[in-house]
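The values are calculated or read from the model by the stated rules, or taken from the named source; none is laboratory data. Quick caveat: nothing in here was measured; it's all calculated off a predicted structure. So basically every Cβ, Gly included, is an ideal-geometry build from the backbone, and we count neighbours across all protein chains shown. Quick note on the areas: whole protein, heavy atoms, side chains included, nothing else; ligands and nucleic acids left out. Shrake-Rupley method; radii C 1.70, N 1.55, O 1.52, S 1.80 Å.
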Amino acid sequence: EQHTTWDGGQLVKYDGIWCATRLLRPIISTQKYFKAKDTDIILSTMPKSGTTWLKALAFAIINRNIHEIDQSPLLNSNPHAVVPALEFDAYRDQENPDLEHIPSPRIFSTHISYNTLPDSIRESECKIIYICRNPLDLFNSLWHFLLDNKSEKYAERILIDKAFDMFCKGNHHSGPFWDHMLGYWNAHLNDSQKVLFLKYEDLKEDITFHVKRIAEFIEFPFSLEEEKQGVIEKISRLCSFENLSNLEINKTGNSDIFKNSSFFRKGEVGDWKNHLTPEMAERVNKILESKLEGSGLMFKTCN
Ligand code: A3P
């Protein structure tokens, strides 16, 4: 099954989830060849849920004894440059790249759905951290991101109403939103030691609590000494939207296809209210109600 999404991107359905046609080969290679190590950390997200933030946090937590926090590579590199994505980076050009030389613990990110992950990720002792975001902010963020990275020619064509309709029908990168999220939610319910399930909104509300929680989950807990020295607060500040978005590298740098600055737009909860109508919110809330019924998962920020 094929579809063209609102930015003109060609999508193909694989294992029930829409992915960019150009990513199909890298996703299949990841599935076939990636050998997870027990010490690996996999950051799984839908695009625009807080991937950049989670990459920065995981990297800073793990490397806090290697570099002083005020000398962190995150000050000179975009978080996407320090944490490779499986399908976008590691497997993009090679079918079976050598990833053995990467020092442990290795951190990778992915937008691949839970069911499509390589068996070795599910079967090894490696840890998975998923972050999700309320679908209205996620859609709003995705719409702006694609607009920001497209030529004028496409920008005119990305009408928000049309894009929103496609989003609700699930025809978007890594969509349907609900299926992707529920896959990881159920995996978390089955084994909460294996899958940590986070929400962007919760991190916005209390970041120091979540830095501690992530560190404990990946078995890199903070010592009392570190807590006293304010290491948790330092990491939270280093990875904050305010700090990262103001760094020169994130204002002017480019990754292969995207502008670094396009990963830092507003970083707020509820910005959808400035772009979407109450009727649009109502439509998403109805879908949420039916899809999440009985799952125990809720979003309080869609009203
Ligand atoms: P907005 O477009 O709503 O501002 P992803 O990293 O998954 O691509 O998601 C990008 C979204 O996360 C954007 O949302 C971006 O501004 C926000 N973001 C990026 N870095 C962040 C940070 N350090 N703290 C909070 N939000 C951040």
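Quick rundown of the values:
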item	result
Elements of type strands (runs of 3 or more DSSP E) contained in the stretch 1-90, each with 1 or more residues being in contact (Cβ under 8 Å) with a residue 40 or more places away in the chain and within 16 Å of the ligand (Cβ to nearest atom)	17-20, 41-45
Of residues in the stretch 184-205 being open to solvent by 30 Å² or more (accessible area, probe 1.4 Å), touching a residue at least 24 places away in the same chain (Cβ under 8 Å) and assigned to a helix (DSSP H, G or I), the one nearest to Ser174 (Cα to Cα)	Trp185
Answer residue from the stretch 23-55, given it is among the charged types (D, E, K, R) and within 19 Å of the chain's Cα centre (by Cα) and is surrounded by the fewest Cβ atoms within 10 Å (Cβ to Cβ) among those	Asp40
Any hit, the stretch 187-206, residues being out of contact with any helix residue (DSSP H, G or I) (no Cβ under 7 Å at 6 or more places or on another chain), acidic (Asp, Glu), closer than 16 Å to Ala60 by Cβ and more than 16 Å from the ligand (Cβ to nearest atom)	no
Test: residue in the stretch 206-213 that is polar (S, T, N, Q), over 18 Å from the mean Cα position of the chain (by Cα), surrounded by fewer than 16 Cβ atoms within 10 Å (Cβ to Cβ) and part of a helix (DSSP H, G or I)	yes
Checklist (1) surrounded by 12 or more Cβ atoms within 10 Å (Cβ to Cβ); (2) free of Cβ contacts under 8 Å to residues at least 24 places away in the same chain; (3) under 18 Å from Asn140 (Cα atoms) applied to Glu279, failing item	(1)
Filtered residue count, the stretch 164-183, keeping only those that are in contact (Cβ under 8 Å) with a residue 24 or more places away in the chain and either within 13 Å of the ligand (Cβ to nearest atom) or in a helix (DSSP H, G or I) (or both)	13
Residue list for the stretch 114-125, filter: open to solvent by 10 Å² or more (accessible area, probe 1.4 Å) and outside any helix (DSSP H, G or I)	Ser124, Glu125
